[in-house]
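Engineer: Right, I'll just put the structure down here and ask away after.
The values are calculated or read from the model by the stated rules, or taken from the named source; none is laboratory data. Bear in mind the structure is a predicted one, so any value in this text is a computation, not a measurement. So basically every Cβ, Gly included, is an ideal-geometry build from the backbone, and we count neighbours across all protein chains shown.
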Amino acid sequence: MKEIIIGLIAGVIGGLGMGGGTILILLLSIFMGIEQHIAQGANVIFFIPTSIAAICVFLKNKNIKFKIAIPICIWGLVGTGIGAVVSSKLNVNILRKCFGVFLLIIAIYQIYSLYKTYRKEKNRNNTIKYKKGGNI
Amino acid sequence: MKKVLIGIIVGIISGMFAAGGGLLLVPVYTYILKLDEKDARATSLFCILPMVILTAIIYAHNNFIDWNLGIKCALGGIIGGFLGGKLLNKISNKYLQIIFIIFLIYAGINMITR
């Protein structure tokens, strides 16, 4: 039951476009004490059906840009092969620490992106105020 | 050339952690390749699926797949994904992003120090 609830939470986050897989791995490892490799393996199985459903919707709405997607996907597979083999050979503790560093990098980027939207909003509000002032 | 590098880097991360591909690809698509947000999400998901399938094969070969656990998570995930899609645009992204950031920092430190 716990697994289904964790999947549900990760699914909601993923549906909102914020890294459902990352959350799934974290919840499994923090709240259920599941080993990093197995948690990552669960995410792979979690991702396939959930993403296929979303991809079908996106295909219908013509949101997928194939010209960009195909070369990145092909080179991505080369990288994936390297990454997955390295990950399989890595000691669990080291893999977990690397994942932690990766999460902090993502956090820093998210803070930057939040700051950028904040600046944009502020600028837009200022322009509106300025325009209103101009009309008076 | 740009696409080769982007592909390889995202692939390595995706294979290594079996996650985070989308977190990297969506900003790359919006900022470097100038796609709008929805197209960026759609295109990244489409790119990542084959990578995840390859990761699944390699992980399964190394006995890292617990099918019982994976399928239960996926079951919740399908329902959750549907709910998330419905909630999109209904709740403020800003507060959600702040919660997400706090959680990432907490989890990141937890993973490093444990």
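Engineer: Which of the residues belonging to region A:1-23 are part of a helix (DSSP H, G or I) and either in contact with a His (Cβ under 6 Å, 6 or more places away or on another chain) or farther than 20 Å from B:ASN68 by Cα (or both)? I'd like the intermediate steps shown before the answer.
Structural biologist: Of region A:1-23, the ones part of a helix (DSSP H, G or I) are A:2-15, A:20-23.
Across region A:1-23, the qualifying residues are A:VAL12, A:ILE13, A:GLY14, A:GLY15.
Engineer: Just to verify a result, which residue in region B:20-53, among those that are over 18 Å from A:PHE99 (Cα atoms) and β-branched (Val, Ile, Thr), is surrounded by the fewest Cβ atoms within 10 Å (Cβ to Cβ)?
Structural biologist: Looking at residues that are over 18 Å from A:PHE99 (Cα atoms) and β-branched (Val, Ile, Thr), I get B:ILE32.
Engineer: Same structure, new question: Looking at region A:65-111, which of the residues that are polar (S, T, N, Q) and assigned to a helix (DSSP H, G or I) is farthest from A:GLN40 (Cα to Cα)? First the steps, then the outcome.
Structural biologist: As a first pass, look at region A:65-111 and keep what is polar (S, T, N, Q): A:80, A:87-88, A:91, A:93, A:110.
Keeping just the survivors that are assigned to a helix (DSSP H, G or I) gives A:80, A:87-88, A:93, A:110.
Values: A:THR80: 14, A:SER87: 10, A:SER88: 11, A:ASN93: 14, A:GLN110: 22 Å.
Restricting to residues being polar (S, T, N, Q) and assigned to a helix (DSSP H, G or I), the top hit is A:GLN110.
Engineer: Here is a follow-up. Looking at B:TYR95, is it more than 8 Å from every other protein chain (Cβ to nearest Cβ) and in a helix (DSSP H, G or I)?
Structural biologist: Working: more than 8 Å from every other protein chain (Cβ to nearest Cβ): yes; in a helix (DSSP H, G or I): yes.
Yes.
Engineer: Looking at B:CYS73, is it within 24 Å of A:ILE4 (Cβ to Cβ) and either more than 7 Å from every other protein chain (Cβ to nearest Cβ) or surrounded by 15 or more Cβ atoms within 10 Å (Cβ to Cβ) (or both)?
Structural biologist: Values: within 24 Å of A:ILE4 (Cβ to Cβ): yes; either more than 7 Å from every other protein chain (Cβ to nearest Cβ) or surrounded by 15 or more Cβ atoms within 10 Å (Cβ to Cβ) (or both): yes.
Yes: the conditions hold for B:CYS73.
Engineer: If you take the residues of region B:1-19 that are modelled with pLDDT under 90 and buried (at least 23 other Cβ atoms within 10 Å of the Cβ), which of them is farthest from the chain's Cα centre (by Cα)? First the steps, then the outcome.
Structural biologist: Applying the first criterion (modelled with pLDDT under 90) to region B:1-19 yields B:1-3, B:18-19.
Keeping just the survivors that are buried (at least 23 other Cβ atoms within 10 Å of the Cβ) gives B:18-19.
Working: B:ALA18: 8, B:ALA19: 5 Å.
Filtering region B:1-19 for residues that are modelled with pLDDT under 90 and buried (at least 23 other Cβ atoms within 10 Å of the Cβ), the one farthest from the chain's Cα centre (by Cα) comes out as B:ALA18.
Engineer: Still on this model: For region A:88-104, how many residues meet the condition of being surrounded by 16 or more Cβ atoms within 10 Å (Cβ to Cβ) and under 23 Å from B:TYR106 (Cα atoms)?
Structural biologist: 9
Engineer: Say whether the condition of being outside any helix (DSSP H, G or I) and at pLDDT below 90 is met by at least one residue in region B:69-89.
Structural biologist: Restricting attention to region B:69-89, the residues satisfying the condition of being outside any helix (DSSP H, G or I) are B:88-89.
So of that shortlist, the ones also at pLDDT below 90 come out as B:88-89.
Yes.
Engineer: Under 16 Å from B:LEU23 (Cβ atoms), more than 7 Å from chain B (Cβ to nearest Cβ) and at pLDDT 90 or above: is that true of A:ILE72 in this structure? Steps first, answer last, please.
Structural biologist: Numbers: under 16 Å from B:LEU23 (Cβ atoms): yes; more than 7 Å from chain B (Cβ to nearest Cβ): no; at pLDDT 90 or above: yes.
Spelling it out, it is not the case that A:ILE72 is under 16 Å from B:LEU23 (Cβ atoms), more than 7 Å from chain B (Cβ to nearest Cβ) and at pLDDT 90 or above.
Engineer: In the set B:ILE65, B:ILE9, which member is part of a helix (DSSP H, G or I) and among the aliphatic types (A, V, I, L, M)? Can you show your working first?
Structural biologist: Working: B:ILE65 fails: part of a helix (DSSP H, G or I).
The match here is B:ILE9.
Engineer: On the given criteria, is B:ALA56 part of a helix (DSSP H, G or I) and surrounded by fewer than 20 Cβ atoms within 10 Å (Cβ to Cβ)? Lay out the reasoning, then the answer.
Structural biologist: Working: part of a helix (DSSP H, G or I): yes; surrounded by fewer than 20 Cβ atoms within 10 Å (Cβ to Cβ): no.
So B:ALA56 does not fit the description; no.
Engineer: Residues A:LYS89, A:LYS2, A:LYS65, A:LYS60: which one is within 7 Å of another protein chain (Cβ to nearest Cβ) and basic (Lys, Arg)? Show your work before the answer.
Structural biologist: Details: A:LYS89 fails: within 7 Å of another protein chain (Cβ to nearest Cβ); A:LYS2 fails: within 7 Å of another protein chain (Cβ to nearest Cβ); A:LYS60 fails: within 7 Å of another protein chain (Cβ to nearest Cβ).
After ruling out the rest, the residue left standing is A:LYS65.
Engineer: In the list A:ALA53, A:ALA10, which residue meets the criterion of being closer than 25 Å to B:ASP36 by Cα, touching a Cys at 6+ places or on another chain (Cβ under 9 Å) and at pLDDT below 95? Steps first, please.
Structural biologist: On the way: A:ALA53 fails: touching a Cys at 6+ places or on another chain (Cβ under 9 Å).
Matching residue, one of A:ALA53, A:ALA10: A:ALA10.
Engineer: Could you go through region A:24-39 and let me know if any residue there is part of a helix (DSSP H, G or I), more than 7 Å from chain B (Cβ to nearest Cβ), in contact with a Lys or Arg (Cβ under 8 Å, 6 or more places away or on another chain) and of a type in the set (Ser, Thr, Tyr). Explain how you work it out, then say what you get.
Structural biologist: From region A:24-39, those part of a helix (DSSP H, G or I) are A:24-31, A:36-39; that's our starting set.
Still in the list and also more than 7 Å from chain B (Cβ to nearest Cβ): A:27-29, A:31, A:36, A:39.
Narrowing further to those that are in contact with a Lys or Arg (Cβ under 8 Å, 6 or more places away or on another chain): A:29, A:31, A:36.
Right, trim to of a type in the set (Ser, Thr, Tyr) and you get A:29.
Looking for residues that are part of a helix (DSSP H, G or I), more than 7 Å from chain B (Cβ to nearest Cβ), in contact with a Lys or Arg (Cβ under 8 Å, 6 or more places away or on another chain) and of a type in the set (Ser, Thr, Tyr), one finds at least one in region A:24-39, hence yes.
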